[in-house]
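Read-outs: derived from the displayed coordinates by stated rules, not from any lab. Keep in mind that this is a model prediction, so the values were computed, not measured. No Cβ is skipped: glycine too gets one built from the backbone with ideal geometry, and neighbour counts run over all protein chains shown.
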């Protein structure tokens with residue numbers, strides 16, 4: 001099982017990322033835009049590409065789900081931390097960060113060889 005601490009560590013290791021909160025939910029932001037959240041124990045939320053979201057939910061519905069609202073339709077996806085593959089999660093968090101990070105921050109990340 002991936003812990004909330006591990007999610008925090010991954011998210012905060014990305015250039016320009018910082019921890020914040022909205023509506024009493026811990027979130028992680030870059031350029032003051034949310035790329036992932038910790039809405040409740042054992043669950044993480046993140047915005048990913050809608051096509052990738054559909055594929056993940058189809059492949060592993062026990063791990064991935066979408067809220068049944070406009071946020072789910074725009075790519076926000078819930079991840080069950082008890083069943084997600086840690087390597088896959090790191091890639092997904094990084095991809096969610098890339099969607100919002102500036103080119104400068106992305107270049108910094110890429111140059112660091114991460």
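Key figures
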quantity	calculated
Contour excess over end-to-end distance, with Cα ends at residue 12 and residue 83 and 0.36 nm allotted per residue	23.4 nm
Model label zone, residue 31; criterion: amide N under 12 Å from point 7 Å along Cα-to-beta-carbon; scope the stretch 60-101	97-101
Relative contact order computed over the chain (Cα-Cα under 8 Å; 6+ residues apart), in percent	27 percent
Cα convex hull of the stretch 4-106 - mean projected area over all directions, nm²	6.2 nm²
Label point distance in nm, residue 23-residue 71, each placed 7 Å from Cα along Cα→Cβ	0.4 nm
Relative contact order (%) - the stretch 1-40, alpha-carbon pairs under 8 angstrom, separation at least six	27 percent
Helix-derived mean residue ellipticity, 222 nm - over the chain, DSSP H n ≥ 4, -39500 (n - 2.57), to 500	-12000 deg cm²/dmol
Label-point gap, in nm, between residue 106 and residue 59 - each point 7 angstrom along Cα→Cβ	2.1 nm
Cα-based helix-to-principal-axis angle, 86-100 vs the chain, degrees rounded to 10	60 degrees
Listed peptides 75-88, 22-35, 58-71 by packing density, highest first (mean Cβ within 10 Å)	75-88, 22-35, 58-71
